[in-house]
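Below you'll find the structure, written out as structure tokens, and then a few comments.
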Amino acid sequence: MLTDLKGKVVLITGASTGIGAAAARAFASQHCKVAVHYNASRKEAEAVLAEITAAGGQAVLVGGDVTVEADVKRIVQETAAAYGRIDVLVNNAGGMLGRIKIEDYTVEHINRVLSLNCTQVALFMREVVPIMRRHKAGHVINVSSIAARHGGGGGAILYAGAGSLLSYWVGRGLIGRNAQRYAREADLRFSLVRVNEHVDDISLAEGEADEKRRIHMHLANVLTATRRIVMGHANLTWVTAGFGWITLVAPILVAAPLYFNGKVSFGGLMMAAGAFTQAQSSLRWFVDNFSAIADWRATLLRVANFRYALMRIHEPSGFESRIIYDDGEPGAISIEGLEIVSSANADALKETHVIVKAGERVLILGAPGTGKTQLFRALAGLWPWGAGLITRPAGEQIFYLPRGAPYMPRGTLREVLAYPLKAESFEESAFKHALDRLGLERLAPLLDTTHRWDRELSQDEQLCLAIARMLLQSPPWVLIDGTFGALDDDILDLVVGVFTNELQRTGVIHIGGPAQAHPLFTRGLHLIKARRIGANSPPVNPPGSHE
């Protein structure tokens, strides 16, 4: 490898235009002495020479036909005479001599192409290498045209294009079939998981036969979708495999008449066939990969539909207004003109201006038919559709306890109690006190045991564990959705005792019905039905639904 080009003598064939001219300028910029060869393009070569000299470089012009042996010798001799040596030979001259159909090839044309692109390279090296050997150094750079890879005619491009269109026409059904397979497989997985989650209920209802029928139905759908894909792949394979075999035979069949007529030698026949095959191989990527492309597009459409569903799920159409959430001063939660809109309901707080202060205990009573859980989600910031302003205390934690069984992360009982904080943030005694206070002292030895606690504990114990988590973390605010109504009287007394004593400074907002009224709550608000605002808008089709 040349690391210092300064003063090196470089002979570049075909340096009047294109790559040769660019190479001449590049070598000259590295302070090389350049011999700019040209044949018919003297004017262009003089422009390259003028550009190099204007930039302070050294260059000479050497002209001649590289396909003529005498001219090759003279070009080398003139370069050596001008600079006394040749350090680098760049064989750049070459060309296709026009794009013609293979059936129009003649022996003369083939010989001219070989002479211009192959023979002259060997001749130049024969003349230059002895000079390099005398100076004990030298480098030869051979430049290849892209035509050597892609051929000189448009037949290979047309053939590859036809194969690509045929592959698309035959295999386009694989997109929908792959999407169907993924959907049916998802149905089967969901069915199996659902049975696993509700195995007790199914057994008690003696519904094993019905569930078995459903699973067999989903399995049959998967097998049917798979068979359709197999058939689609088989049809596509006829195209791709046949396309490959025809590629081997077609160019030989086309050029065979010329060979038998003596217009093309056997070597020329093989060269033409090889050029066609090489060009076609470079252009058949779509044919070879259409199956993978169809699978990719089916996956993309499935992901796009999933994203669309996530964006549109439960979104009330035609209602553009949103609840405004803001951060306010610590120690208070304010609610102004709150209205919650869903696809089926519209609810509102009867009290239009509400301020809940730290340590205050508020019960929001929901009228029959109102969306109490929707109100909980709106206050938590999970349901923005509606109107009004909710101002939450900046920098103060709000502990949310939704309706039903509370979430139990997989991990040790210590991690469950500390969630989402680090278990190391609390003392050992704090964990045991929280469990003892809620009647869960039997779990104290299991603090470092990992279980599926949502399976190991009853729903009452899970609710007590959630209250123990509150007791451990002592949040300044708690928002509860109907939990008091799900507790037995003795457990409710324990929970009320925790809020009355240890968590007396915690502000509590509980959403429930009249049956959940308790002396713990010092204030009541009312959730009532409201008039639906906004007109329905036309449905929007999900991505890919037109197929």
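Give the percent of DSSP beta bridges with both residues in the chain that are antiparallel, rounded to the nearest 5. Roughly 30 percent of the beta bridges in the chain run antiparallel, per DSSP. In the stretch 55-133, Cα pairs under 8 Å separated by at least six residues give a relative contact order of 41 percent. Distances between placed amide hydrogens fall under 5 Å for TRP477 paired with PHE399, GLY507, all partners being 5 or more residues away or on another chain. For the stretch 9-145, the equivalent ellipsoid built from the Cα gyration tensor has semi-axes of 26, 18, 12 Å, listed from largest to smallest. Using only the alpha-carbon atoms, how far is helix 173-197 inclined from the longest principal axis of the chain? Give it as 0 to 90 degrees, nearest 10. Here the helix axis deviates by roughly 30 degrees. Computed 3J(HN,Hα) for the stretch 443-455, one whole-Hz value per residue from the Karplus formula 6.51 cos²θ - 1.76 cosθ + 1.60 where θ = phi - 60°, is 8, 4, x, 9, 4, 9, 9, 9, 8, 7, 5, 5, 9, glycine and proline marked x. Cβ-Cβ distance of ALA40 and ASN289, R₀ of 41 Å, FRET efficiency by 1/(1 + (r/R0)^6): the value works out to about 0.40.
Computed on the stretch 156-312, with alpha-carbon pairs under 8 angstrom and 6+ residues apart, the relative contact order is 44 percent.
Angle of helix 459-473 to the longest C-alpha principal axis of the chain, folded into 0 to 90 degrees and rounded to 10: 80°. Working note: Karplus 6.51/-1.76/1.60 with θ = phi - 60° gives the stretch 38-45 the couplings 8, 10, 9, 9, 5, 4, 5, 5 Hz, where Gly and Pro are set to x. Of the residues CYS464, SER425, ALA444, the one whose Cα sits farthest toward the positive end of the charge dipole of the chain, with +1 on the Cβ of Lys and Arg and -1 on the Cβ of Asp and Glu, is SER425. Kindly provide the pair-distance distribution of the stretch 156-312 built from C-alpha pairs, with 10 Å bins from 0 and whole-percent values in order of increasing distance. Reading upward from the zero bin: 10, 24, 21, 17, 11, 8, 5, 2, 1. Spread over its residues, the convex hull of the C-alpha atoms of the chain is 308 Å³ per residue. Using alpha carbons only, how many degrees (0 to 90, rounded to 10) separate the axis of helix 428-437 from the longest principal axis of the chain? Its long axis makes an angle of about 50 degrees.
The distance linking the stretch 282-311 with the stretch 427-499 is 49 Å (Cα centroid to Cα centroid, whole angstrom). Summary value for the chain: 12 percent relative contact order, contacts being C-alpha pairs under 8 angstrom separated by 6+ residues. Listed by Cβ neighbour count within 10 Å, with the fewest neighbours leading, TRP383, TRP169 appear as TRP169, TRP383.
What you get for the stretch 1-59, charging only the Cβ of Lys and Arg (+1) and of Asp and Glu (-1), is a dipole of about 80 debye around the Cα centre. Farthest toward the positive end of the dipole of the stretch 9-145, out of HIS135, GLN120, HIS109, is the Cα of HIS135, where the dipole comes from beta carbon charges about the Cα centre.
In order along the stretch 59-70, the Karplus-derived 3J(HN,Hα) couplings, from 6.51 cos²θ - 1.76 cosθ + 1.60 at θ = phi - 60°, round to 7, 10, 9, 9, x, x, 8, 6, 7, 9, 4, 5 Hz, and Gly and Pro are given as x. Residues whose amide H falls under 5 Å from that of GLY386, counting only those 5 or more places apart or on a different chain, are ARG322, ILE323, VAL341, with hydrogens built in the peptide plane. Placing unit charges on the Cβ atoms only, positive for Lys and Arg and negative for Asp and Glu, gives the chain a dipole magnitude near 2720 debye about its Cα centre. Here is how the number arises for the chain: DSSP H runs of 4 or more residues each give -39500 (n - 2.57), the sum is divided by the residue count, and the result at 222 nm is -16000 deg cm²/dmol.
Computed from the coordinates by the stated procedures, all read-outs in this text should not be read as laboratory data. In this text, all values refer to a predicted model and were calculated from it rather than measured experimentally. Methodologically, a virtual Cβ is constructed for each residue, glycine included, from the backbone with ideal geometry; neighbour enumeration extends over all protein chains shown.
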